[in-house]
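Structure first, then comments.
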Amino acid sequence: MSKEWLQVKDLRKHFETPKGDLRAVAGVSLKVEKGDSFGLVGESGCGKSTLIRTVLRLLEPTSGEILFDGKDIAKLGKTHIRRLRKKMGLVFQSPHSSLNPRMTVYDTLARPLLIHGITKNKRDTTIEIVKLLKLMGLQAEHMIRYPHELSGGQKQRIAIARALAVNPEIVFLDEPTSALDVSVQTKILKLLDFAKQEKQLTYFYISHDINLIRVVSNKMGVMYLGKIVEIGDTGTVMANPLHPYSVGLFEAVPDPDPDKKLPELILKGEVPSPVNAPSGCVFHPRCPFAWEKCEREEPKLLKQSDQREVACHKYS
Ligand code: SF4
């Protein structure tokens, strides 16, 4: 099997709006290897949620390839997509809205087990549910509860258990802890890490929280206005970001290491609209290093070392 087990090539997702073409995902290429914990960071509205929904084919791609386990998801028919989706889980940001308030924990977890034929009868379903609850640090008695009887952290544990019920190979986690208290966030991250080891999972996190991505990922990408501007090993990118946007983004967040100093770079202005995005390098209106070429020519994501690729004319 290829090391690049999930590979996205020049993926685009555009939406037509009354104001023009909204390029939410504007030519993204990335690779995730089995066992990775990949983290995609970017400000809200940069296209990260649209990207994972397009990879999962919850949204139809405008163009590009999504290779998973040797198949191009972008070209699969509905029946094959359903089969493939069993291998790909998704955990949403808000456990409050992702759980059906009229379903008990038992019903919420039994549904995917029965639909995907993991269990065939009530006894086996109950045994599987107890295992899932235990994996998430909950007790068997939680299965008779409704969402309103659970805390925010317990609800998110159920949402994760639901994603894990079908034994996926990769789980996409869309800001999985941002709706929770800080003390609960740490517990959820520990449980996710435990489940990853137990079930040999691959994770694909997306978040605006740089410190979360720093802690949970071994590989990461930085996204700006529908494009990946820097991608590589988390340690390398975090220790010494090269793309001017990465530098400005990381600098705005206090580093847990007080001795670490990043080069000073204050980002100018606001993120432009993805409708009729800037020409050339989409970051040029905000970049202090921009020159004439940046307005004219789009920089390609180029390899800087074995650990990192950057899309910036300064490094091409
Ligand atoms: Fe700045 Fe130019 Fe690099 Fe874009 S390509 S980040 S505008 S220097």
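The values are calculated or read from the model by the stated rules, or taken from the named source; none is laboratory data. Here the structure is a predicted model, which means the values were calculated and not measured. As a convention, Cβ positions derive from the backbone with ideal geometry for all residues, glycine included, and neighbour counts pool all protein chains shown. Just the protein is used for accessible areas: all its heavy atoms, side chains included, with ligands, DNA and RNA removed. Shrake-Rupley method; radii C 1.70, N 1.55, O 1.52, S 1.80 Å.
What to note about this one:
- Highest GNM mean-square fluctuation among GLY152, GLY70, GLY235, for the chain modelled with Cα contacts below 10 Å: GLY70.
- Separation between Cα centres of region 280-316 and region 149-188, rounded to whole Å: 36
- Extension gain, ASN121-ASP181: 0.36 nm per intervening residue step, less the Cα-Cα distance, totals 17.8 nm.
- Of all accessible heavy-atom area on the chain, the percent that carbon and sulfur account for (1.4 Å): 51
- Full-stretch length increase - LEU58, MET103 - with 0.36 nm per residue and alpha-carbon distance subtracted: 13.9 nm
- Think of each Lys and Arg Cβ as +1 and each Asp and Glu Cβ as -1; about the Cα centre, that makes the dipole of the chain roughly 1320 debye.
- Working from Cα pairs under 8 Å separated by at least six residues, relative contact order for the chain is 20 percent.
- The chain: most fluctuating residue of PHE204, PHE92, PHE194 per GNM, C-alpha cutoff 10 Å: PHE194
- Heavy atoms of the protein chains alone define the surface here; on that basis the chain has 49 Å² accessible area per residue at 1.4 Å probe size.
- Gap separating the Cα centres of region 202-232 and region 48-103, nearest whole Å: 19
- 222 nm mean residue ellipticity, helices alone, for the chain (DSSP H n ≥ 4; -39,500 (n - 2.57); rounded to 500): -9000 deg cm²/dmol
- At an R0 of 41 angstrom, the distance between the Cβ atoms of GLU198 and LYS75 translates into a FRET efficiency of 0.75.
- Rounded, prolate or oblate (a/c below 1.5 giving rounded, otherwise prolate when a/b exceeds b/c) for region 24-165 by Cα gyration tensor: prolate
- Helix 105-115 and the long axis of the chain differ in direction by around 80°, with both axes built from C-alpha atoms.
- Rounded to the nearest 10 degrees, the inclination of helix 152-164 to the longest alpha-carbon principal axis of the chain is 90 degrees.
- Evaluated on the chain, the Kirkwood hydrodynamic radius is 20.7 Å, with distances taken between all distinct Cα atoms.
- Kirkwood analysis of the Cα pair distances in region 172-316 returns a hydrodynamic radius of 16.7 Å.
- Residues of type aspartates and glutamates that LYS300 reaches as a straight line, Cα spacing below 19 Å, ignoring anything fewer than 8 places off in the same chain: ASP10, GLU65, GLU230, ASP233, GLU292, GLU309
- Gyration tensor verdict on region 11-54 (Cα atoms; rounded if a/c is under 1.5, prolate if a/b is larger than b/c, oblate otherwise): prolate
- Rounded tilt (10° steps) of 122-135 against the dominant C-alpha axis of the chain: 50
- Pairs spanning more than 20 Å between alpha-carbon atoms, out of LYS293/LYS314; LYS86/LYS190; LYS13/LYS314; LYS86/LYS219: LYS86/LYS190; LYS13/LYS314; LYS86/LYS219.
- Residues considered: LYS120, LYS13, LYS86. Largest GNM mean-square fluctuation over the chain, using C-alpha springs under 10 Å, is found at LYS120.
- The length gained on full extension between ALA239 and LYS19, counted as 0.36 nm times the residue separation minus their Cα-Cα distance, comes to 75.2 nm.
- Taking the charge dipole of the chain about its Cα centre, with +1 at Lys and Arg Cβ atoms and -1 at Asp and Glu Cβ atoms, the residue from ILE160, LEU180, HIS80 reaching farthest to the positive side is HIS80.
- Cα Rg, Dmax, region 108-217, angstrom units: 14.1, 44
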